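Read through the structure below, which is laid out as structure tokens, and then see the notes.
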Amino acid sequence: MFIAQFFNTGILPMLVMADLREQSKFLGKFFSGTDNDYNEHWFHTTGNTIMGAMMINSIMPIVSIMITIGVRQAKILLDRGLKDFFNENKTKK
């Protein structure tokens with residue numbers, strides 16, 4: 001999973017936007033993007049995309065844990081009911 005995520009968020013955006021016509025005629029046929037160097041344009045387009053993906057990936061593990069806890073508590077609430085939510089011995093099962 002890590003390798004796929006690293007490729008999709010780090011390597012792929014740079015390859016798609018890369019302009020490799022100066023380096024090789026063969027590679028220039030496939031990679032003829034808008035960025036031929038790390039300049040201001042690169043930071044506004046590709047750099048922002050990579051940073052956005054990094055910020056989302058840093059928050060998602062916490063969000064996933066919170067959703068799991070919330071779903072568990074909702075299932076307990078449905079099983080016990082509102083009145084007996086804090087009574088651990090009360091259950092419909």
Quick one: Karplus J couplings for the stretch 49-58, per residue in order, coefficients 6.51, -1.76, 1.60, θ = phi - 60°, nearest Hz, x for Gly and Pro? 5, 5, 5, x, 5, 5, 5, 5, 5, 7
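Based on the alpha-carbon gyration tensor of the stretch 2-60 and its eigenvalue square roots a ≥ b ≥ c, which shape applies: rounded if a/c is under 1.5, prolate if not and a/b is larger than b/c, or oblate?
Values: a/c = 4.07, a/b = 1.76, b/c = 2.31.
Oblate shape, in that a/c is at least 1.5 and b/c is the bigger or equal ratio.
List nothing, just return the count: lysine pairs in the chain, 8 or more apart or interchain, with Cα separation under 24 Å.
Details: Lys75/Lys83; Lys75/Lys90; Lys75/Lys92; Lys75/Lys93; Lys83/Lys92; Lys83/Lys93.
Value for the chain: 6.
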Can you give me the C-alpha center-to-center distance between the stretch 62-84 and the stretch 1-21, rounded to a whole angstrom? 38
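Here, each number is a calculation from the coordinates, and none is a lab measurement. Not measured: the values here are computed from a predicted model.
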